[in-house]
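Here is the structure we will look at, set down as structure tokens.
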Amino acid sequence: MKKTLSVILAALLALGCVLMFASCGGNTEETTAPADDTTAAEDTTAAQSDLAYILDKGTLVVGVTEYKPMDYLDENNEWTGFDAEYARAVAKELGVEVEFIEIEWDNKEFEVKSKKIDCVWNGMTITDALKESMDITDPYVKNAQVVVMPKDKAADYTTVESIKDLSFAVEVESAGKGVAEENGFNYTELTYQSDAILEVHTGKADACIIDLTMADALTAEGSTYENLTKVLSLNEEEYGIGCRKGSDLCTKINEITDKLIADGTLDALAQKYELTLVK
């Protein structure tokens, strides 16, 4: 009898273990709910949408440098200029605020990629090299790289050949530097274009190569450097706005720009800052 009871108890104990294992999720195939593929796909799409990211945080973070007439600080220490006003107009259409962050120009591509800023909106010359690291909007303003030097010396330097032996100041990693390299000029790199023109003003460089837009703004009568003048145009180029690679913000800015051109907003800004639009 004792042997029979032992067998029965052993059988009941084994059955209890089986039932306990099942109740604790031993059969994972039966207890694990299937993944929601639709939700996962939607999450992936949202994560990849740069525009959705910007709309969600409610702020468009714009990378700039002090570059008159595109972006510069007014008497109230607020960013203004053609690009600053243009950026605010686009942000208004998006329904978000604008935050301007001053950047080091040669770090602009990293700043965009790392999401410290959402775009570079600062009179940026469109180049093949930049297209490899950023998505760039349609061109919006015409520009050129020009040579600026003291007015009292300008008459002696009217050709590219005549300026080959001069010392030049250029902004680091700028279109001006590229032109200097192409022509085999002797140049010194400085942090900003404003530093380059100051170098000429103080006599530390014979000339500088900067954007036409800045040269016109800073050498006009009554301006800071009215003793300087532009003597040569070395190329023709166009400005674009740099966004993250693969960003749908780029397409959206193009769409809003078309609207701002159609309603006259950008024409009015171009006249205000004496610029020529690309249409």
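Things to note:
- Among the conditions (1) acidic (Asp, Glu); (2) modelled with pLDDT of 95 or more; (3) within 19 Å of residue 210 (Cβ to Cβ), the only one that residue 106 does not satisfy is (2).
- Cβ-Cβ contacts under 7 Å between residues 6 or more apart (or on different chains), taken from a first residue in the stretch 74-88 that is on the phi < 0 side of the Ramachandran plot to a second residue that is open to solvent by less than 100 Å² (accessible area, probe 1.4 Å) and of a type in the set (Phe, Trp, Tyr), are listed as 79/100; 80/72; 82/273; 83/121; 84/100; 87/121.
Listed here are the residues, each with its yes/no results for (1) closer than 22 Å to residue 81 by Cβ; (2) in contact (Cβ under 8 Å) with a residue 60 or more places away in the chain.
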| site | (1), (2) |
| --- | --- |
| 125 | yes, yes |
| 133 | no, yes |
| 158 | no, yes |
| 164 | no, no |
| 176 | yes, no |
| 203 | no, no |
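- The set of residues in the stretch 45-64 that are at pLDDT 95 or above and in contact with a Gly (Cβ under 9 Å, 6 or more places away or on another chain) comprises 50, 55, 58, 63, 64.
- Checked against (1) open to solvent by 50 Å² or more (accessible area, probe 1.4 Å); (2) under 19 Å from residue 211 (Cβ atoms), residue 95 meets all criteria but (2).
- The single condition among (1) in contact (Cβ under 8 Å) with a residue 24 or more places away in the chain; (2) open to solvent by 30 Å² or more (accessible area, probe 1.4 Å); (3) within 19 Å of residue 214 (Cβ to Cβ) that residue 113 does not satisfy is (3).
- Residues that are assigned to a helix (DSSP H, G or I) and farther than 27 Å from residue 215 by Cα, drawn from the stretch 246-279: 249, 250, 251, 252, 253, 254, 255, 256, 258, 259, 262
The values are calculated or read from the model by the stated rules, or taken from the named source; none is laboratory data. These numbers were taken from a predicted model, which means no experiment stands behind them. Note: ideal-geometry Cβ built from the backbone for every residue, glycine included; neighbour counts use all protein chains shown. Just the protein is used for accessible areas: all its heavy atoms, side chains included, with ligands, DNA and RNA removed. Shrake-Rupley method; radii C 1.70, N 1.55, O 1.52, S 1.80 Å.
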